[in-house]
1. Take each of the peptides 32-43, 161-172, average the number of other beta-carbon atoms within 10 Å over its residues, and list them starting from the highest.
2. Might you tell me the accessible area per residue for region 142-253, computed with a 1.4 Å probe and given in Å²?
3. Quick check for you: with a 1.4 Å probe and neighbouring chains kept, what is the accessible area per residue of region 14-93, in Å²?
4. Give me log10 I(q)/I(0) at q = 0.08, 0.10, 0.16 Å⁻¹ for the chain, Debye formula, one equal scatterer per alpha-carbon, no solvent.
5. Return the Rg/Rh ratio of region 73-153 with Cα-based radii and a Kirkwood Rh.
6. Nearest 20 debye, what's the magnitude of the dipole of region 57-113 about its Cα centre given +1 on Lys and Arg Cβ and -1 on Asp and Glu Cβ?
7. For each pair in K55/K185; K97/K118; K55/K213; K75/K97; K165/K213; K75/K246, compute the distance between the two Cα atoms and list the pairs where it is over 26 Å.
8. Once you put a point 7 Å from the Cα of V201 and another 7 Å from the Cα of Q174, both along the Cβ direction, what distance in nm separates them?
Amino acid sequence: MNEDKVEMLADLIRDSQNIVVFTGAGVSTESGVPDFRSPGGIWDRFDPNEMTFQKFVSSRQSRRKYWELFHVCWKEFQGIEPNQAHRAIAELEKRGKLSAVITQNVEELHQKAGNSAKKVLELHGTIWQVRCLDCQAPYPWEEIFNLLEEGEEINNCSQCGGFLKPATIAFGQQLPVHTLEEAQKRSCSCDLFISIGSSLVVYPAAFLPQMAKESGASLAIVNREPTPFDAIADLVIHARAGESMKTAVELAR
Ligand code: APR
Ligand code: ZN
């Protein structure tokens with residue numbers, strides 16, 4: 001049953017020249033990275049209500065919890081490698097078919113798989129940078145990681161006293177405006193929008209598949225579980241991203 005659908009995805013890819021691939025944490029689970037909302041995911045281990053931007057700036061205790069989450073992520077994400085889904089998406093760029101990869105992910109596996117940085121729109125930032133919230137001074141994540149390993153508190157910015165924070169977007173924090181505008185522009189001008197490994201429940205990112213569809217693109221969703229946008233999609237594949245994308249891109253030659 002999924003074989004037929006993967007062949008249909010290959011047909012859509014073959015017939016498209018201006019593809020937007022949209023990814024969520026589910027595209028990286030086969031690289032050993034936990035997603036957020038599956039059983040055992042990040043929000044099973046940390047309380048998302050503690051991880052809002054408002055909490056981060058208002059309470060030292062919440063900042064401690066936030067750094068605890070990043071301590072775990074930096075420890076678990078070191079040494080992760082792209083999987084066959086990331087490589088299939090990089091292949092689409094090699095074939096000149098990719099308009100952009102719009103990702104909610106923060107671990108930079110798309111770039112590691114071979115997508116050029118200019119093609120990757122990171123809506124939720126990156127885990128591999130730490131910056132001062134006030135003066136934007138950069139701090140090497142490795143230094144912060146080592147302090148956390150030694151059980152040290154993370155001090156404020158040595159230049160202006162502002163709070164240091166990983167360069168990811170927390171709930172309630174403004175997304176990078178230019179990146180979001182570019183993502184909306186690409187979504188409204190693509191001929192095929194493929195959402196891979198996202199539960200499509202977090203906005204404004206989850207508006208993008210609908211914007212693409214309303215602008216005339218074909219919408220394909222590859223996700224292990226149903227999403228709220230399955231009903232408007234032209235094609236839905238409830239299967240693992242790695243095998244589905246590898247096979248679809250191979251068949252689309
Ligand atoms: N293949 C296909 N789908 C998968 C796989 C896989 N190997 N592994 C997991 N999935 C699916 C899950 O079934 C789930 O529906 O990927 C989806 C991941 O959903 P979430 O965990 O909600 O992740 P995501 O959609 O990226 O979350 C969006 O929420 O917490 C915030 O900022 C965080 O960027 C994140 C945003
Ligand atoms: Zn500063």
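1. On the way: 32-43: 15.2, 161-172: 17.8.
Result, highest mean Cβ count within 10 Å first: 161-172, 32-43.
2. Working: 5360 Å² over 112 residues.
Per residue, region 142-253 has an accessible area of 48 Å².
3. Working: 3540 Å² over 80 residues.
That works out to 44 Å² per residue.
4. Summing over Cα pairs of the chain leads to -0.32, -0.49, -1.15.
5. Values: Rg = 15.2 Å, Rh = 14.3 Å.
Radius of gyration over Kirkwood radius for region 73-153 works out to 1.06.
6. Details: 10 positive and 7 negative charges, 42 e Å.
Roughly 200 debye for region 57-113.
7. Exceeds cut-off: K55/K185; K55/K213; K75/K97; K165/K213; K75/K246.
8. The two pseudo-label positions are separated by 2.8 nm.
The values are calculated or read from the model by the stated rules, or taken from the named source; none is laboratory data. Just so it is clear, the model here is predicted, and its values are computed rather than measured. Counting neighbours? That spans all protein chains shown, and the Cβs are built from the backbone with ideal geometry, glycine included. Note: areas computed on protein heavy atoms with side chains; ligands, DNA, RNA excluded. Shrake-Rupley method; radii C 1.70, N 1.55, O 1.52, S 1.80 Å.
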